[in-house]
Amino acid sequence: MKPTPIDKGSAVTVRGLVKHYGETKALDGVDLDVREGTVLGVLGPNGAGKTTLVRCLSTLIKPDAGTATVAGYDVVRQPRQLRRVIGLTGQYASVDEKISGFENLYMIGRLLDLSRKDARRRAGELLERFSLTEAAGRPARTYSGGMRRRLDLAASMIGSPAVLYLDEPTTGLDPRTRNEVWDEVKRMVADGVTVLLTTQYMEEAEQLASELTVVDRGKVVASGRTEELKAQVGGRTLRVRPADPDQLAPLAAVLDDSGLTGLATATVDTETGTLLVPVLSDDQLTAIVGAITARDVTIASITTELPSLDEVFLSLTGHRASTPRTGSGSADAEEAAA
């Protein structure tokens, strides 16, 4: 009998997950939930524990402590049943480059105990879905990087998984190919697949994830929706654009002299013709807007902005977010430790 997930509507539920590699705590009491039919982005710098988490949840390694339930199955007590309802795409395409795209998918289908007929049918469906039909008979080694990654995603979908793990799926891809992968992930989620995505790329997280969990040194340091994390870090920026750019400097001087900006100062951005004012509270925001509107100045626009996700990441982990790179990338530190 399937165990009932701890949280109703949760496809993945993790409580107190621990994994050690010698003296290194790759996971140190991780808790997280992934709601059905959504994407949870797991963010963190290299060595944070992201890949170890995916390995535990996909039954590749056993946790040392804690519990995890995926699609109703316990990852430790029911690994064989669980493997039938999950898919995994790692940082690098894992296809066999010596055989064709069709043969790769057919082989995986047979390994998943599909009949020959069903394996052929499923391979054909996925080749068409991932725009690989014309290249189906070619050896995978002749595929471009984007085609191989799409083939890898197709391979992870052979068993029609309820939950899909994407472990830094766009590492080393160029911007065009990265966008193609993002589009495919969005289609899968639209079809009801639940996705756990690990990434260091903030743009990727904002594009795909409905909720985020930030891990650092094996611990969860924050979780919530993107806007919630931005608000948690604190601080907003008021962006004021007067109709007359000559009013920028006088407005900045007035605000600084009034003390409304606190210890910070108003900054003039001459390129965009705007005044940037750091804001820490609603009361401060109200007072600053009041002081601006009290001036005999025509305002073209006035908006507030939350911190960027890169700033949130830096604040929470002390590390800057990674910039997407093309070419081969490096695996997480804990992957090497494994």
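Here, each number is a calculation from the coordinates, and none is a lab measurement. Here the structure is a predicted model, which is why all the values come from computation and not from measurement. Note that we place each Cβ from the backbone using ideal geometry, even for glycine, and neighbour counts take in every protein chain shown.
Straight-line cross-link partners of Lys230 among the aspartates and glutamates, defined as a Cα under 13 Å from its Cα and at least 8 positions apart when in the same chain: Glu206, Glu211, Glu305, Asp310, Glu311.
Residues Tyr106, Tyr21, ranked from the fewest to the most other C-beta atoms within 10 Å, line up as Tyr21, Tyr106. In the calculated pair-distance distribution of the range 208-267, the portion above 16 angstrom amounts to 63 percent of the Cα-Cα pairs.
Rounded to two decimals, the Cα-based Rg/Rh of the range 115-169, with Kirkwood Rh, is 0.97.
Rounded to the nearest 500 deg cm²/dmol, what is the calculated helix-only ellipticity per residue at 222 nm for the chain, with -39500 (n - 2.57) per DSSP H run of length n ≥ 4?
Rounded to the nearest 500, it is -10500 deg cm²/dmol.
Convex hull volume of the Cα atoms of the range 161-316, normalised per residue: 157 Å³. With a threshold of 20 Å on the Cα-Cα distance, the over-threshold entries among Lys117/Lys186; Lys19/Lys186; Lys19/Lys219; Lys62/Lys219 are Lys117/Lys186; Lys19/Lys186. Beyond 21 Å, the tail of the calculated P(r) for the range 10-231 holds 54 percent of the Cα pairs.
In a fully extended conformation the segment linking Ala300 and Asp113 would gain 60.9 nm over its present Cα-Cα distance, using 0.36 nm per residue.
Here the Debye sum runs over all C-alpha atoms of the range 236-305 as equal scatterers in vacuum, and log10 of I(q)/I(0) at q = 0.21, 0.25, 0.29 Å⁻¹ comes out as -0.80, -1.18, -1.64. Taking the Cα centre of the chain as origin and assigning +1 to Lys and Arg Cβ atoms and -1 to Asp and Glu Cβ atoms, the resulting dipole is close to 2040 debye. Quick one: Debye curve from the alpha-carbon atoms of the range 1-142 only, equal weights, vacuum; give me log10 I(q)/I(0) at q = 0.10 Å⁻¹ to two decimals. Debye intensities relative to I(0), on a log10 scale: -0.45.
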